[in-house]
Amino acid sequence: MTDNARARKLADRIQVVVAETLDRRIKDPRLGFVTITDARVTGDLREATVFYTVYGDDEERAASAAALESAKGVLRSEVGRQTGVRFTPTLAFVPDALPDNARTIEDLLDKARAKDAEVREVSTGKTYAGEADPYRKPGEEGYEEDAEGEAGSETGSGSGAGGGGVASAGDDTDGAAAK
C-alpha cells in the first residue's frame with residue numbers, strides 16, 4: 001500500500017533541495033536560467049521526476065539539459081543527505097511543457113481576437129435581415145388574445161392544469177367518438 005501524502009511531501013522536499021543545490025553548489029557554465037517547476041515521486045519512493053524550465057532559446061535548453069544530466073549524481077546525493085530516507089530516489093529531469101502550452105494558448109487567443117475584430121468590422125453599419133424585434137405586441141396588427149387574456153395559448157378544453165379533467169361530449173380524448 002502506498003502512502004500518497006508521504007510521496008507528495010518527499011516530492012516537495014526534492015523540488016526545494018534540487019533548486020537550492022543548483023543555485024548554491026552547481027557551477028556548470030552550461031547551466032542557464034533553470035527553474036525547477038515540479039517534482040513527482042512514484043508510490044514506492046524509488047524514482048523521482050523533476051520538471052524544469054529554461055529561459056532562453058533551444059541551444060540554451062539543450063546545454064542546460066546536458067548540465068543537469070552531468071550533475072545528477074551530486075543532486076541525488078544531496079537529496080539523500082537532506083531527506084533522510086532509507087533509499088534515495090533516482091532523479092530524472094524532464095523539461096516542463098507548460099511554457100510551450102501557454103504560448104500555444106496565447107497564439108489561439110490572438111487568432112480569436114483577430115476574428116472577433118474582423119466580424120465587428122464587417123457588421124458595422126449593417127441592419128437585421130427582418131425586423132429588429134420579431135415578436136408581436138398588444139395593440140399591433142395581427143395580435144390575438146384568447147378569452148382568458150393569454151396571448152398565443154391554444155383554445156379548447158381538456159384535462160390540462162386547472163381544466164378540471166372533465167371532457168365534453170364533443171372532445172375526442174381517448175381516440176374513440178363519444179356516443
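The values are calculated or read from the model by the stated rules, or taken from the named source; none is laboratory data. Keep in mind it's a predicted model, so treat the numbers as computed, not measured. Cβ: placed from backbone, ideal geometry, glycine included. Neighbour counts: every protein chain shown. These area figures cover heavy atoms from the full protein model, side chains too; ligands, DNA and RNA do not enter into them. Shrake-Rupley method; radii C 1.70, N 1.55, O 1.52, S 1.80 Å.
If you go through segment 97-113 one residue at a time, do you hit one that is touching a helix residue (DSSP H, G or I) at 6+ places or on another chain (Cβ under 9 Å), surrounded by 10 or more Cβ atoms within 10 Å (Cβ to Cβ) and either in contact (Cβ under 8 Å) with a residue 12 or more places away in the chain or under 15 Å from Leu10 (Cβ atoms) (or both)? Spell out how you get there, then give the answer.
Pass one, segment 97-113, residues touching a helix residue (DSSP H, G or I) at 6+ places or on another chain (Cβ under 9 Å): none.
The answer is no; no qualifying residue exists.
Please work out if Ile36 is β-branched (Val, Ile, Thr) and closer than 14 Å to Ala65 by Cβ. So that I can check it myself, show each step before the final result.
Numbers: β-branched (Val, Ile, Thr): yes; closer than 14 Å to Ala65 by Cβ: yes.
Yes.
Between residues in segment 57-80 that are under 22 Å from Ala11 (Cα atoms) and residues that are open to solvent by 30 Å² or more (accessible area, probe 1.4 Å) and among the hydrophobic types (A, V, I, L, M, F, W, C), which pairs lie under 6 Å by C-beta distance while being six or more apart or on different chains?
Every condition considered, the pairs that remain are Ser64/Leu31; Ser64/Val34; Ala67/Leu31.
What number of residues within segment 4-32 satisfy the criterion of being under 28 Å from the mean Cα position of the chain (by Cα) and either open to solvent by 70 Å² or more (accessible area, probe 1.4 Å) or among the aromatic types (Phe, Trp, Tyr) (or both)?
Residues in segment 4-32 being under 28 Å from the mean Cα position of the chain (by Cα) and either open to solvent by 70 Å² or more (accessible area, probe 1.4 Å) or among the aromatic types (Phe, Trp, Tyr) (or both): 6 in total.
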